[in-house]
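Inspection log for the structure reproduced underneath, given as structure tokens.
The values are calculated or read from the model by the stated rules, or taken from the named source; none is laboratory data. Because the structure is predicted, anything quoted here is derived from the model rather than measured. With ideal geometry, Cβ positions are generated from the backbone for all residues, glycine too; neighbour counts draw on all protein chains shown. Heavy atoms of the whole protein, side chains included, go into the accessibility calculation; ligands, DNA and RNA do not. Shrake-Rupley method; radii C 1.70, N 1.55, O 1.52, S 1.80 Å.
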Amino acid sequence: VYPIHEMIKLVDGYGIFSIPADVDDATLPEISSELCTFIVQHNVPGLTFDLSNLHSVDRALWSALIRMILATGSLGVAVNTTGICAGIASTLALLGSDPTSIQAFGTLDRCMTDLKNRSKNHRASL
Amino acid sequence: MDLEQLEKQENNPINVLWDDVLMLPVIGMVDSKRAQDIMDIMLEEIERTSSQFVIMDVRGVVVVDSAVANHIVKITKATSLMGCTTIISGITPLVAQSLVHLGIDLGDIVTTARVSDAFSLALKKLGLSIVKNEQS
């Protein structure tokens with residue numbers, strides 16, 4: 001069992017999930033499962049995936065990350081990402097990755113502002 | 001800084017046009033190597049400045065064919081992963097027509113004819129506007 005409580009930080013009720021530097025595609029599904037459980041249990045309205053600890057990705061790891069992000073989003077939670085470095089962005093572009101499935105921001109502040117706006121709008125529409 | 005890096009920067013001069021807005025004029029031929037250099041320079045600058053918009057002006061590109069368009073799409077995708085929107089400016093009527101005739105789909109990429117339109121668009125998205133001073 002992964003210590004999700006230690007990996008996720010709550011700020012004003014919104015989550016910031018830092019992807020560990022040593023993560024691999026084999027362990028991500030389990031982390032994803034734990035994360036989804038945490039979100040439901042704590043009623044987290046929005047989550048930012050912080051990828052700043054990652055310095056390289058391959059196709060398998062990126063696919064696993066996207067699946068985790070999509071799984072989280074399917075819970076009805078506003079989700080976005082930050083911290084993608086130039087090297088990873090370049091690699092993903094060369095791999096032909098489609099960035100439309102994620103909403104990325106350059107800074108954590110912008111991420112949190114976007115999360116708050118989106119979850120407000122989402123609640124207003126309910 | 002090594003000679004190769006210096007040459008890369010000289011050939012692809014990226015500037016901060018405004019807070020959160022970068023601009024890179026592209027002049028000459030764009031092949032795979034040049035496209036990779038442009039992408040590297042842009043991504044490094046976005047990482048350094050956390051800019052939200054980058055204007056890539058392609059008016060000076062000799063030929064805009066499907067290969068160049070594919071490079072542009074790749075660069076745009078890479079910048080969006082870093083939270084930065086790329087606006088392509090300098091699309092001439094000839095280029096616009098040839099892109100359509102070649103069946104090139106630029107997808108959601110924002111394109112403008114003039115740099116000023118691209119800049120205005122970026123400012124608008126940032127919630128900024130330029131107003132004329134009444135005294136002048």
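Data for the structure
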quantity	calculated
Under-5 Å amide H pairs with B:Ile87, H placed in peptide plane, nonlocal only	B:Val54, B:Ile55, B:Met56
Heavy atoms of B:Trp18 accessible to a 1.4 Å probe, total area in Å² rounded to 10	130
Note, ³J(HN,Hα) from phi for the stretch A:19-35, Karplus 6.51, -1.76, 1.60, rounded to Hz, x at Gly and Pro	6, x, 5, 9, 5, 9, 5, 6, 8, 4, x, 5, 4, 4, 4, 4, 5
Among B:Arg34, B:Arg59, B:Arg48: highest mean-square fluctuation, GNM of chain B, C-alpha pairs under 10 Å	B:Arg48
Stokes-Einstein D in µm²/s, Kirkwood radius over Cα pairs - the protein assembly as shown at 20 °C with 1.002 mPa s viscosity	108
Theoretical ellipticity at 222 nm over chain B - DSSP helices of four or more residues, -39500 (n - 2.57) apiece, nearest 500	-14500 deg cm²/dmol
Residue-span extension gain [B:Val16 to B:Asn70] - 0.36 nm each, minus C-alpha spacing	16.9 nm
Distance histogram for chain A (every C-alpha pair counted, 10 angstrom bins, percent rounded to whole numbers)	13, 48, 33, 7
Cβ-derived FRET efficiency at R0 35 Å, B:Val131 paired with B:Gln97, nearest 0.05	0.45
A:Val79 long-range amide H proximity, modeled H, under 5 Å	A:Leu47
For chain B, built as a Gaussian network whose Cα springs stay under 10 Å, the top-fluctuating residue of B:Asp31, B:Asp57, B:Asp40	B:Asp31
Length added when fully stretched, A:Leu108-A:Arg67, from 0.36 nm per residue minus Cα-Cα	12.6 nm
Listed residues A:Ala71, A:Ala26, A:Ala104, most fluctuating in chain A (Gaussian network, C-alpha, under 10 Å)	A:Ala26
Pairwise Cα inverse-distance average, inverted: Kirkwood Rh of the stretch B:11-125 (Å)	13.9
Under 5 Å, built H, 5+ apart or other chain: amide partners of A:Asn53	A:Ile19
Derived scalar couplings ³J(HN,Hα) [the stretch A:5-17; Karplus, 6.51 cos²θ - 1.76 cosθ + 1.60; whole Hz; x for Gly, Pro]	4, 8, 8, 10, 10, 9, 10, 6, x, 8, x, 10, 10
Whole-number percent relative contact order across the stretch B:47-134, with pairs defined as alpha carbons under 8 Å at least 6 apart	33
Area of B:Ile27 that stays accessible when all protein chains are in place (1.4 Å probe, Å², to 10)	120
Per-pair calculated FRET efficiency, R0 = 30 Å: B:Arg59 and B:Glu4 via Cβ, rounded to 0.05	0.65
Chain A, relative contact order [Cα under 8 Å, separation at least 6], %	26
Taking the C-alpha atoms of the stretch B:45-92, convex hull volume expressed per residue in Å³	68
Contour excess over end-to-end distance, with Cα ends at A:Ala60 and A:Leu75 and 0.36 nm allotted per residue	3.1 nm
